[in-house]
Each structure stands twice: as structure tokens, then as C-alpha cells.
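*Asks:* To start, I am sharing the structure in question, which I have written as C-alpha cells.
Bear in mind that the values in this text are calculations on the coordinates, not laboratory data. Fair warning: this is a prediction, and the values are worked out from it, not measured in the lab. Cβ placement follows ideal geometry from the backbone for every residue including glycine, while neighbour counts extend to all protein chains displayed.
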Ligand SMILES: CCCCCc1ccc(-c2ccc(S(=O)(=O)CCO)cc2)cc1[C@H]1C[C@H]1c1ccccn1
């Protein structure tokens with residue numbers, strides 16, 4: 001069962017995301033504020049201050065056509081394409097690959113004046129979910145999750161001056177297939193991918209609440225727009 005040092009912690013976090021993060025906002029009785037909405041994309045936030053630091057949890061739901069859950073999670077997890085869609089990281093390094101679909105990454109984020117620069121050291125794992133909870137009455141064809149959470153590592157060799165931000169992030173994707181009415185073959189046009197993205201970022205050190213909240217308000221919608229467009233573009237059949 002224990003495949004690497006963080007196996008148990010990873011399993012527990014995935015289970016928590018599948019029970020808690022897959023619930024629609026508000027189902028947990030919490031008050032989520034819808035702060036951005038663009039078509040199917042809805043982004044919610046909660047105000048949370050821990051030890052004087054702004055740790056506002058974020059939850060985004062989205063649904064896009066023509067891609068599968070596995071493709072969405074693959075492009076989110078695969079560091080080979082990270083800089084093609086990530087807009088706020090300045091550099092990153094894969095520190096360790098504990099197992100095939102699990103990496104440990106050190107990354108620095110672009111400094112946002114007047115705050116100190118932030119870095120993150122986290123484990124990133126992509127997992128196919130076997131017995132997914134079905135949301136509502138739709139039955140998913142498959143469910144994939146990428147779970148990113150902060151860990152320690154002796155070889156991080158951090159950039160001096162960076163403040164270590166702590167992250168708990170998950171991208172949960174489900175593929176829904178609507179076979180063509182005429183009984184023809186299933187094509188990309190029959191695919192719909194439902195996405196849930198949850199992010200808990202602790203900035204690790206003081207930063208003005210107004211600065212942090214404006215960064216999040218700007219960066220999360222931008223990230224979701226840019227990342228989903230990137231995957232649809234990468235998977236689009238070549239225009240013949
Ligand atoms: C003064 C700034 C304090 C907070 C800095 C910070 C830390 C981590 C993160 C973060 C770390 C990982 C992820 S991910 O989803 O796992 C993808 C892989 O990179 C996502 C966001 C972001 C930000 C802040 C750039 C701000 C920001 C906010 C949303 C989106 C992008 N950038």
C-alpha cells in the first residue's frame with residue numbers, strides 16, 4: 001500500500017477531495033461567494049484568515065466539450081507542458097519522481113510588489129478514480145484527479161529571499177459521453193468534461209489583504225480560461 005513516503009497522506013487527501021470537493025458549493029452548509037462567472041465557468045471563494053494570513057479557499061466548477069477527463073488531468077499534471085499554460089510561475093524544477101504519475105516540484109512565482117516573492121514545494125499526483133461518486137443523476141464514463149499538496153524535501157535548494165507558500169489543490173475531472181442519436185461512432189463532439197478545481201493557498205507570510213485578494217480575483221479566472229482553452233486546442237483534431 002505504502003508506495004512512497006507520501007503515499008498515505010496522498011490517499012487520504014484524494015478521499016477527502018472526492019467526498020468534500022465534489023459537493024456543489026453550499027452543499028457543505030458553507031457560504032461560498034460566486035465571484036466570477038463566464039458561461040459554464042463559475043468561481044467561488046470564501047473569506048478565511050489564518051494567523052493573520054489571507055487563506056481564502058477557492059472552488060471553481062466548469063464544463064467543456066470535446067475533451068476527456070484524462071486529457072484535462074494529463075495536461076494539468078505533465079510538467080513538460082507546464083510553462084505553456086501557467087502564467088504566474090517564474091521557474092520550476094522536478095525534484096523527485098517517487099512513482100510513475102507522482103512528482104515533487106519546486107517552483108517560484110513571479111514577485112507581486114510590494115510582497116516578497118513566493119515559492120512552493122509540493123507533491124503532484126495524477127490518479128484515475130475507480131468508484132467515483134456520481135454528482136446528480138449523470139453517470140460519468142470516467143473520473144480523474146490531480147492532487148497537489150505541499151511537502152518538505154531535503155533537495156529543494158530554495159531561491160533565497162522567497163517566502164514558502166503552502167498549497168492544497170485538486171483538479172477533479174469527469175468525462176460524460178452522449179452517443180450520437182444515429183448510432184454512429186463516438187467522436188470528440190460526444191464528449192463533455194465536468195471540472196472541479198479547488199485551491200487553498202496559504203501565502204506563508206504577511207501580504208496586504210487587498211493585494212492578495214486582487215491577485216486571486218485576477219489570476220484564478222485567467223488560469224481557468226487559459227488552461228481549458230489550452231487543452232481544447234492541444235486535443236483539437238487537425239483541421240483537414
Ligand atoms: C503574494 C502572492 C502570494 C500567493 C502566491 C501564490 C502561491 C501559489 C499559487 C499556486 C500554486 C499552484 C497552483 S496549481 O493549480 O497547482 C498549478 C501549478 O502551478 C496554483 C496557484 C499561486 C500564487 C499566486 C500567484 C497567484 C495565483 C493565484 C491563482 C492562480 C495563479 N496564481
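*Asks:* Tally up the residues in region 191-240 that are more than 13 Å from the ligand (Cβ to nearest atom) and on the phi > 0 side of the Ramachandran plot, please.
*Replies:* 0
*Asks:* When you look at residue 169, is it buried (at least 17 other Cβ atoms within 10 Å of the Cβ), within 19 Å of residue 82 (Cα to Cα) and near the ligand (Cβ under 9 Å from one of its atoms), yes or no?
*Replies:* Taking the combined requirement at face value, the residue satisfies it.
*Asks:* Somewhere in region 142-160, is a residue under 18 Å from residue 70 (Cβ atoms) and surrounded by fewer than 17 Cβ atoms within 10 Å (Cβ to Cβ)?
*Replies:* Yes, some residue in region 142-160 is under 18 Å from residue 70 (Cβ atoms) and surrounded by fewer than 17 Cβ atoms within 10 Å (Cβ to Cβ).
*Asks:* How many residues, within region 112-146, are within 13 Å of the ligand (Cβ to nearest atom) and free of Cβ contacts under 8 Å to residues at least 12 places away in the same chain?
*Replies:* Selection size over region 112-146: 1.
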